Every structure is written in structure tokens, then in C-alpha cells.
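Peer 1: One structure follows; several queries about it will come next.
The values are calculated or read from the model by the stated rules, or taken from the named source; none is laboratory data. Keep in mind that this is a model prediction, so the values were computed, not measured. Cβ: placed from backbone, ideal geometry, glycine included. Neighbour counts: every protein chain shown.
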């Protein structure tokens, strides 16, 4: 079968056979599901003979783990860089983080969806690694929200003036960004970057940042 040419950090680098297998497997797991995709189908899509997988991975399970662990590492790397670009300013940090999370999950939607939906099939220690990565990301959003509220930048309150719960707010914002990858299509009307920019605005609005403040933050981003 013909595989898509969607750009991906998991695309083959320097002709690496291992990377080729990962890239093809990620698309097959995304489209068909991990459980219903056989090793034979993966190797046929790569153009390899049955049994060749075991020159690179000990099992299909190890192949899934390799995809998931590399996806988590790359997402955390990009998020850390986004927060650094924020320069310690809560609104700018949250803007950069939301844009990065959204663009990652739209641009690399196959790897991201497979990691989140199939990692429970991994052995407990490896599945825990994926869960730990997700928790670190959630805690980083919680930190930004807490800091922004303490500085008076974020207005996180309920209609009765009770403070909004920070963990719940962080999870809601992350769900918004992550689930963009479930409906995004590269051939659609808006690019991943354009969608990420709109989601960045929506997240700042959810944090109670004023329109003028959002304009100031977005204007500071190089185009």
C-alpha cells in the first residue's frame, strides 16, 4: 500500500530501516489499530520480507514502545522550548505552550494518537513511562496557570467568584489542544500553524486574559 508523505519527526533519517518501520507502523496503527495490524502487513508496506522485523525490533510490542517513547520525548522537548520562549511571562508562556501542543498534535497526529490510544497495551513499566510523560506536561500547565493567577495575569474564577480548580483547568486546556489532532486534516482549509494560533488565543481567553493583552502577546511572536 502507498503510505502518506506527511512530514514527521519520525520520518526516516539517513535511510534508517528502523525509522522506516516505525513511520509505516505508526500510520498503520493509526488507521487500523494496533491489535488488528499484523507484523506481516507492516513489513509488506515497507517492502520487506516476513521475519525481517526481528532484525530491528524484538516484537511488535517493542515497535509500539519505540514509537510512543520517541513521541513523548519529542513533545516534551518542544514544550520545554516553547516555555523558554515565553521568557517567564505567564501569558506568553501559556500562549507558546498551547500553540506548540496544538501544532504537535495536528502535524504529528498519527504518532500522537497512537501513543495516547495504544500505550495501555504496553507492559506496565513502559506504559507507566508514557503516563509519566503526560503527567509532567500536565504539571507544567498547572504551574503556568498557578503562577499566572498569583501574578494577577490570569482570571480563573467561577461565576460565584470561587477560584477555578487549577488541575481541572489545565486538563481542559490540554484536552482542547490534544484533540485537535483527531479532526485535523492536512488538506483542510486551515494549516496546522493557523489552527495552533487560534487555539493559543482560545486558551488565553479561557484563562481570562483580556483582548488587549492577547493582542500584545500574539504581536510579539515572529511571523
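Peer 1: Among what's in segment 180-196 and is surrounded by fewer than 18 Cβ atoms within 10 Å (Cβ to Cβ) and assigned to a helix (DSSP H, G or I), pick the residue that is farthest from the chain's Cα centre (by Cα).
Peer 2: Result: 194.
Peer 1: Right, another one. Looking only at segment 88-120, count every residue that is part of a helix (DSSP H, G or I) and either within 19 Å of residue 24 (Cα to Cα) or outside the structural domain of residue 169 (by the TED database) (or both) and tell me the total. Please lay out each step first, then the result.
Peer 2: In the first step, residues of segment 88-120 are kept if they are part of a helix (DSSP H, G or I); the result is 90-107, 109-120.
Of the ones still in play, those that are also either within 19 Å of residue 24 (Cα to Cα) or outside the structural domain of residue 169 (by the TED database) (or both) are 104-107, 109-119.
Residues meeting the conditions: 15.
Peer 1: Could you tell me which residue of segment 109-132 is nearest to the chain's Cα centre (by Cα), considering only residues that are over 12 Å from residue 68 (Cα atoms) and in contact (Cβ under 8 Å) with a residue 24 or more places away in the chain?
Peer 2: 109
Peer 1: Another question about this same structure. Out of all the residues in segment 199-223, which are surrounded by 13 or more Cβ atoms within 10 Å (Cβ to Cβ) and assigned to a helix (DSSP H, G or I)?
Peer 2: 199, 200, 201, 202, 203, 204, 206, 213, 214, 216, 217, 218
Peer 1: If you don't mind, another one. From 53, 75, grab the single residue that is at pLDDT below 90, buried (at least 21 other Cβ atoms within 10 Å of the Cβ) and in a helix (DSSP H, G or I).
Peer 2: Values: 75 fails: at pLDDT below 90.
It is 53.
Peer 1: Working only within segment 137-162, note down all residues that are part of a helix (DSSP H, G or I) and surrounded by 13 or more Cβ atoms within 10 Å (Cβ to Cβ). Explain how you work it out, then say what you get.
Peer 2: Let us first name the residues in segment 137-162 that are part of a helix (DSSP H, G or I), namely 137-150.
137, 138, 140, 141, 142, 143, 144, 145, 146, 147, 148, 149, listed by residue number.
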